[in-house]
Amino acid sequence: MKSRSFHHFAFLHLISLFLISSQANGQWMARSYYSLIKDAADILIIKVNRIAGEPYGEKAVAHVERSYKKNVHSDSIELPFVYSSWPTGKKNEMASVSEIIPVSFEDGKRYVVLVRKSRQTFYDNPHAAKTEYEVVNYPNATYFKINDDKDSRVLRIEQLLKTADENDAEAKSDSLLAMIHSNDNGKRNDAIEALIDLKSEKATDAFIAVLRNDPDSTVRYTAARGLGYLHSDSIVSVLMESLQKEKVNFVKYQIIVSLGERRAKIAAPMLLKLYETELYDNRNAILETISALGDSTVVPSLIHLFSIDQDLQHRRLMAQTISSFHTLEADEFSSALLDTAKTYWLKSAVIYGWSRSTYTKGFDKIARWTSIPCASDDHPSKVMAEIQGLAFPLLRAIEKLGKPDQIASTLKVYSTCSDPAIRDMAVRILKEQMAKNITTELRKEIDVEIKTFPTQ
């Protein structure tokens, strides 16, 4: 079966509001409804006349009742169904992907659709109907059934379109700020997302008021996200105050993330104090934020938390952060962990931290870990994954921290590695040294070394 992993946002029930598929790489990223509406080729009200095509390649043949952007000039349109699974042609075998939002239509029903020019990127479904347009594949109201044009979702789109048509950025901001006072949760959230897109500093006071007082947790979440991008001096204190008062965990998560965006070093003691009482995802956010702050005074607290938190992911984040600082205490901890950690994941965390902070004094300690046995056909897949989990950060650290002669000497061991991915990375690093200002003798030495690596 063909399958692809779906990288979850920290809180899955927010997917319907904040994620959009990037068909180029199969990932999902945050996108506002305002930007979806603004960027869509057209927004249509259609009535489906019939369903055509074969199974797993069906399409709706529809009458265009209204084109909001006037870009679809025909009074009819064909839109493909989108499937998250389809037959491969082999007996009882189905291909499936999790990134796709399925799209289907019913004969005789009316719909609002956000469309774009067809990219035919439904992950190689060979049955997919070929059409000029397709529905924007996104899990937030890019197509929905309606009974009448007074549907609140239609009015929501019309209001955002009107704002998008404003030529003056100031006027757009004013229109969106007025929407924040709507009684409709969706409209308030749309307005905040759009103001984030516009990078409007005028929104600061409104975002603060929403974070403090809005009854809807999703709207508060979005306001907290927006405050992470704005620059008022008052924002950090507001975020810290709200974090202590907020009861909803995913809103707290975003407040923590926004403190990291604001590089709020003053918040570090409070975050460390909260760590032991927070849920898993919020702990991750605290550690990521602490790492972003770049404040070495957190080292003793992180070493203490490392000793009591047995979760490997959390310990890995702590080790990365501690090793990125170079106080005496941090260096002693990192060196000891590199030597004694029973898992490659923790060793690689130290290596990553030293590499990120360009700790060249750590090169010799890192380089000796090239002696670990390289993956081979004799190793079970779990061992291979663990080895790669150390080898790739190790190679990147060697590349970043070493001088050309050190790199050439250290990477010789990988010429006999049976893992082609590790070998290829070593060869790439060696070739990059050839482009540097090095001696003729070293250049010849590296050239000979590269030739010892087996070719594919």
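Summary table
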read-out: Karplus-derived 3J(HN,Hα), 6.51/-1.76/1.60, for each residue of the range 139-156, Hz, glycine and proline x; value: x, 8, 6, 7, 7, 7, 7, 10, 9, 8, 6, 8, 3, 4, 5, 5, 5, 4
read-out: Rounded D (µm²/s) - the range 300-456, Kirkwood Rh over Cα pairs, Stokes-Einstein at 4 °C, 1.567 mPa s; value: 79 µm²/s
read-out: Estimated 222 nm signal from helices in the chain, with DSSP H stretches of n ≥ 4 weighted -39500 (n - 2.57), rounded to 500; value: -15000 deg cm²/dmol
read-out: Nearest-20 debye value, the range 182-314 charge dipole, Cβ charges on Lys, Arg, Asp, Glu; value: 220 debye
read-out: Sites THR452 and GLU288 - FRET efficiency at Förster radius 35 Å, r taken between beta-carbons, to 0.05; value: 0.30
read-out: Computed FRET value (nearest 0.05) for LYS38 with GLN406, which takes r as the C-beta separation and R₀ as 60 Å; value: 0.70
read-out: Per-selection Kirkwood Rh - the chain (Cα, Å, 1 d.p.); value: 25.9 Å
read-out: Alpha-carbon centroid distance for the pair the range 89-142 / the range 257-323, whole angstrom; value: 42 Å
read-out: Relative intensity, log₁₀ I(q)/I(0), of the range 262-391 from a Debye sum that treats every alpha carbon as a point, q = 0.18, 0.23 Å⁻¹; value: -0.96, -1.37
read-out: Sorted by Cβ neighbour density within 10 Å, fewest at the top, the residues ASP309, ASP424, ASP148, ASP42; value: ASP148, ASP424, ASP309, ASP42
read-out: Alpha-carbon Rg with Dmax, taken over the range 290-349, Å; value: 10.4, 29
read-out: Ranking of VAL350, VAL112 by count of other Cβ atoms within 10 Å, fewest first; value: VAL112, VAL350
read-out: Centroid-to-centroid separation of the range 390-456 and the range 60-74 [C-alpha atoms, Å]; value: 58 Å
read-out: Exposure proxy ranking, count of Cβ atoms within 10 Å, fewest first, for ARG356, ARG263; value: ARG263, ARG356
read-out: Potential extension, GLU54-SER307 segment - 0.36 nm per residue separation minus Cα distance; value: 85.1 nm
read-out: 5 angstrom amide H check on ASN49, placed H, neighbours 5+ away; value: VAL61, ALA62, HIS63, GLY108
read-out: Peptide ranges 174-180, 50-56 listed from the most packed, as the mean C-beta count within 10 angstrom indicates; value: 174-180, 50-56
read-out: Amide hydrogen neighbours beyond the local backbone of ILE146, cut-off 5 Å, H modeled; value: ARG110, TYR111, VAL112
read-out: Signed unit charges on C-beta, dipole axis of the chain, positive-most listed residue ALA397, VAL257, ILE446; value: ILE446
read-out: Estimated vicinal HN-Hα couplings, Hz - the range 345-358 in sequence order (Karplus 6.51, -1.76, 1.60; Gly, Pro = x); value: 4, 6, 4, 5, 5, 5, 4, 4, x, 5, 5, 4, 9, 6
read-out: Per-residue HN-Hα couplings for the range 317-328 [Karplus 6.51, -1.76, 1.60; θ = phi - 60°; Hz; x = Gly/Pro]; value: 4, 4, 4, 4, 5, 4, 6, 7, 9, 10, 6, 4
read-out: Sequence-distant residues sharing a close amide H with ASP42 (under 5 Å, placed H); value: VAL115
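No lab work stands behind these numbers, since they all come straight from the coordinates. It should be emphasised that the depicted structure is a prediction, and the values quoted were computed from it without experimental measurement. Here Cβ is always computed from backbone atoms with ideal geometry, including for glycine, and neighbour counts include all displayed protein chains.
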